């Protein structure tokens with residue numbers, strides 16, 4: 001995890017202070033942490049099937065929950081599993097509200113025409129993984145993303161998602177099988193080489 | 001829990017899949033505009049001081065009350081139906097066989113997330129090797145120190161306990177006991193011993209061995225005081241004759 005400054009290249013434009021209060025130290029710390037992990041959070045929401053239209057709204061929801069529970073967060077631990085847990089619950093709740101899963105119409109990314117070969121290949125690979133992830137039911141996808149992509153130990157996956165270890169392994173095993181099947185299907189359709 | 005149709009382990013990810021996943025593990029920075037917008041929204045929410053108000057669920061309060069009432073109603077109906085079933089058919093096989101499936105805890109609401117445990121990077125999990133390649137673990141045998149080998153063992157444990165789970169589904173509780181005993185013999189300090197003991201308890205209840213079941217439950221409660229399976233086990237004990 002990097003330690004980008006709030007005044008770094010990615011920082012938000014400073015807002016005019018029209019009678020609104022300044023942020024206290026805790027709020028600044030929380031905002032700083034959110035800023036540091038914003039790319040991860042947006043990617044996680046995308047992996048969890050949140051469409052481009054909703055992604056910023058849900059990221060804001062995650063931030064608000066993070067801020068509200070900031071005192072419960074142990075700063076000696078990595079923020080990512082904690083953020084993932086919030087993101088997973090927000091994404092699940094969002095999906096329940098919508099009643100059905102809407103597949104990503106477009107997996108957006110940089111314009112591949114402008115990319116050098118290596119970047120293009122990496123970009124295509126990431127898009128392929130996102131498409132594959134959309135084929136896996138959310139509970140199993142969450143376990144797969146946490147363990148196989150975020151490289152979180154299974155024990156911590158179980159704790160974070162509040163599920164038994166046995167269930168984590170079962171879901172992981174099945175999700176991996178689904179990844180493989182999805183890729184085989186895509187290969188058969190010629191979507192990937 | 002659904003099991004592998006062929007009863008075999010998962011084949012390992014092929015190198016191509018591993019390469020795809022490796023690309024996805026790298027978090028690519030988002031477009032600056034998206035970041036700036038998201039951060040501006042977050043900062044504005046903080047400045048407005050309305051985090052507590054905004055952080056409440058987007059489901060209206062009235063909706064929550066209705067949802068709670070509906071859930072309570074369904075739970076009452078389900079309890080009544082279960083009690084009726086038990087009174088009508090006291091045979092062990094009539095009870096729900098899906099101990100572990102039922103015991104899975106659904107993710108709680110967004111408002112009740114728990115604090116995470118310390119995170120540490122781990123080696124990617126290797127796929128499961130054939131059963132024959134893993135030697136049986138005898139009590140007292142030192143366990144592998146290689147993390148990947150440990151995970152292999154866990155998948156082997158998982159496969160064994162899935163057999164027990166299948167037997168529970170069939171109502172073949174004697175087979176469940178046999179498998180859990182075999183698991184205990186091979187993986188005395190295994191990572192899934194909590195699930196094994198839960199299955200054993202389920203089998204004892206299924207076989208009508210209530211006294212042993214209660215003793216096993218007491219041991220389980222002592223050994224795993226924070227288990228997420230405890231509630232389910234209590235329910236099973238309460239419904240046992």
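None of the figures in this text is laboratory data; all of them are computed from the coordinates on show. Owing to the predicted nature of the structure, the values given are computational and were not obtained by experimental measurement. Cβ: placed from backbone, ideal geometry, glycine included. Neighbour counts: every protein chain shown.
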Legend entry - Inter-part distance where the stretch A:42-72 and the stretch B:149-216 are each reduced to a Cα centre, Å: 39
Inset, instruction - Over the stretch A:23-100, consider all pairs of different Cα atoms and compute the Kirkwood hydrodynamic radius from their mean reciprocal separation; express it in Å, one decimal. - result: 12.8
Inset, instruction - Could you line up B:14, B:193, A:77 from fewest to most neighbouring Cβ atoms inside 10 Å? - result: B:14, A:77, B:193
Inset, instruction - Provide the convex hull volume over Cα atoms per residue for the stretch A:113-193, in Å³. - result: 95
Legend entry - For B:13, B:224, A:88, A:63, order by how many other beta-carbon atoms lie within 10 Å, fewest first: B:224, B:13, A:88, A:63
Inset, instruction - Rank the residues A:79, A:64 as a footprinting-exposure proxy: fewest other Cβ atoms within 10 Å of their Cβ go first. - result: A:79, A:64
